[in-house]
Amino acid sequence: MKDRDIKSFTRKELEDALLARGEKAFRAVQIYSWMHERLASGFDEMTNISKSLREALEEEYDYTNLEIVEIQRSKLDGTCKYLFRLADGNMIESVLMRYHHGNSVCISSQAGCRMGCRFCASTIGGLVRNLEASEMLDQIYRIQRDTGERVSNVVVMGTGEPLDNYENLLRFIRILSGEHGLHISQRNITVSTCGIAPRIRQLADEDLAITLALSLHAATQEKREELMPIARKYGLSEVLEACAYYFEKTGRRLTFEYSLVGGVNDRPEDARRLAALAKPIHSHINLIPVNPVTERKYVQPDKKVIGNFKKELEKYGINVTIRREMGRDIDGACGQLRRRYLEKSEQGGGDEC
């Protein structure tokens, strides 16, 4: 791979690079448009750019163009799960979810993850590397090109911890929401974190209008440590203080993601403790019946238990929803499709997609 990845450049950085090589500023406008509006898969598609310049750029820069390895399509709701191959051979996955209000894409921010959450397939095998901003963007671009449908909402909630890839995340958000790209409103971008408290505070000061979602999953420090090893580094009180700071600085209501695990965090007393944490920050709670993962022991609670948990929260005036399960007939949980492919490769069958 070359040292510089042109699709991760801001438009100003691209203009400066082209001016430095003696090109006119308008060339940067053209090339940027090809990459981020017209979603060109390579320099050769840029037909209003001279062949000599295209060849020079090809020689000097990487141009991210993810390869679709596999697509799983749900027969239940039209959800599509994409497995992509990166230029270095690593695999990542993304999900297209179709709603009445528009298409939403859930993207990965890392290849693998080092957070170690007990109920998540993404962490099995650990972190391989961070994704470049271009690799995050191209998950959306490839899905939009593949379907021919506009993406209106983006969730950074796939494989990886976004705030563990902070600088690339910021670059991704600014390019994606910029007026010269897909121009997706920052209010339609959600970033999920397992609770890296210093980064939450830093993000609050970035003058962004995105939605922040905290993967909370437990209402006590002890139980959170059991489910999420990161809680040993950043305690519950520290994380909640950072969330309160985020709300104070941005005015943006947070979402608390709460994976309901049968017999672990789904009792009435868990709901009461959760309500006490959420109310002061005016947060919305999104209940997520956990997706069973083969390598993990956790199971989904009964529907009655889920319903009762929601009612208990509502008794305390908490705004709460139960996440609609999408793509349940495919490898729906984060990391499952990538994990299955890697296991198949290790057994000598990785080329049969």
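Each reported figure results from applying straightforward, stated rules to the coordinates on display, with no laboratory input. What you see is a predicted model, and the numbers here were worked out from it, not measured in a lab. Cβ: placed from backbone, ideal geometry, glycine included. Neighbour counts: every protein chain shown.
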**Fill in**
Taking R0 as 41 Å and r as the Cβ-Cβ distance between Gln221 and Lys303, the FRET efficiency 1/(1 + (r/R0)^6), rounded to the nearest 0.05, comes to 0.90
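Relative contact order, percent, of segment 6-60 when contacts are C-alpha pairs under 8 Å separated by at least 6 residues? Intermediate values should be presented prior to the final figure.
Details: 31 pairs, mean separation 12.8, N = 55.
The normalised contact order for segment 6-60 reaches 23 percent.
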**Item:** Förster radius 25 Å - calculated FRET efficiency between Glu60 and Lys24, Cβ distance, rounded to 0.05
**Value:** 0.90
**Message:** Please list, short to long, the whole-number percent of alpha-carbon pairs of segment 178-256 in consecutive 5 angstrom bins beginning at zero.
**Reply:** 3, 16, 27, 21, 14, 10, 5, 3, 1, 0
**Fill in**
Hits in segment 23-45: amide N under 17 Å from the 7 Å Cα→Cβ extension of Ile68, namely 39-42
**Message:** I'd like the Karplus ³J(HN,Hα) series for segment 181-195: coefficients 6.51, -1.76, 1.60, θ = phi - 60°, whole numbers in Hz, and an x wherever there's a Gly or Pro.
**Reply:** x, 5, 6, 6, 4, 4, 5, 9, 10, 10, 10, 9, 9, 7, x
**Item:** Residue-span extension gain [Ala209 to His282] - 0.36 nm each, minus C-alpha spacing
**Value:** 24.6 nm
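In whole Å and largest first, what semi-axes does the C-alpha gyration tensor of segment 4-88 yield when each eigenvalue is scaled by 5 and square-rooted? Walk me through the intermediate numbers first.
Values: eigenvalues 194, 34, 26 Å².
Sorted largest first and rounded, they come to 31, 13, 11 Å.
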**Request:** Count charges around Trp34 for me, please; just the other residues with Cβ under 11 Å from its Cβ, Lys/Arg as +1, Asp/Glu as -1.
**Result:** +1
**Request:** Taking a cut-off of 19 Å between Cα atoms, list the aspartates and glutamates near Lys310, but don't count ones fewer than 8 places away on the same chain.
**Result:** Glu257, Asp266, Glu269, Asp270, Asp302, Glu325
**Asked** Under unit Cβ charges (Lys, Arg +1; Asp, Glu -1), what dipole magnitude, rounded to 20 debye, does segment 6-60 have relative to its Cα centre?
**Response** 200 debye
**Prompt:** How big is the gap, in Å, between the Cα center of segment 234-249 and the Cα center of segment 7-72?
**Reply:** 40 Å
**Ascending count of other beta-carbon atoms within 10 Å, so fewest first, for His36, His100, His282** = His100, His282, His36
**Complete:** So, over other residues within a Cβ distance under 13 Å of Ser192, counting Lys, Arg +1 and Asp, Glu -1, the net charge is -1
**Asked** By a straight-distance test (C-alpha under 24 Å), which lysines pair with Lys7 as possible cross-link partners, with residues fewer than eight away in the same chain excluded?
**Response** Lys24, Lys51, Lys81
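Test of understanding: what is the full-extension gain from Arg273 to Glu149, defined as 0.36 nm times their sequence separation minus their Cα-Cα distance? Don't skip to the answer; put the middle values down first.
Values: separation 124, 0.36 × 124 = 44.64 nm, distance 4.21 nm.
Stretched out fully, the Arg273 to Glu149 stretch lengthens by 40.4 nm.
Express the relative contact order of the chain as a whole percentage, based on alpha carbon pairs under 8 Å and six or more residues apart in sequence. It would help to have the intermediate numbers written out before the result.
Values: 663 pairs, mean separation 52.7, N = 353.
After rounding, I find 15 percent.
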**Request:** Work from the charge dipole of segment 67-346 (Cβ charges, +1 for Lys and Arg, -1 for Asp and Glu, about the Cα centre) and give the residue of Ile318, Thr211, Val105 farthest towards its positive end.
**Result:** Ile318
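If you filter segment 1-62 for GluC sites (Glu not before Pro), then keep DSSP loop positions with at most 16 other Cβ within 10 Å, what is left?
Numbers: sites: Glu13, Glu15, Glu23, Glu37, Glu45, Glu55, Glu58, Glu59, Glu60; in loops: Glu23, Glu37.
Within segment 1-62, the qualifying GluC sites (Glu not before Pro) (loop, at most 16 other Cβ atoms within 10 Å) are Glu37.
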**Request:** As a check on your grasp of the helix formula, calculate [θ] at 222 nm for the chain: sum -39500 (n - 2.57) over DSSP H runs of n ≥ 4, divide by the residue count, round to the nearest 500.
**Result:** -10500 deg cm²/dmol
**Dipole of the chain, positive direction: furthest Cα of Gly116, Ile184, Tyr246, with charges on the beta-carbon** = Tyr246
**Item:** Top positive-direction residue, dipole computed over the chain with Cβ charges, set Val128, Val151, Tyr298
**Value:** Tyr298
**Fill in**
With DSSP loop assignment and no more than 13 other C-beta atoms within 10 Å, the GluC sites (Glu not before Pro) in segment 96-179 are Glu149, Glu179
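Just in segment 1-97: which trypsin sites (Lys or Arg not before Pro) are loop by DSSP and have at most 16 other Cβ atoms within 10 Å?
Values: sites: Lys2, Arg4, Lys7, Arg11, Lys12, Arg21, Lys24, Arg27, Arg38, Lys51, Arg54, Arg73, Lys75, Lys81, Arg85; in loops: Lys2, Arg4, Arg21, Lys24, Arg38, Lys75.
Of the trypsin sites (Lys or Arg not before Pro), the ones in loops of segment 1-97 whose Cβ has at most 16 other Cβ atoms within 10 Å are Lys2, Arg4, Arg21, Lys24, Arg38, Lys75.
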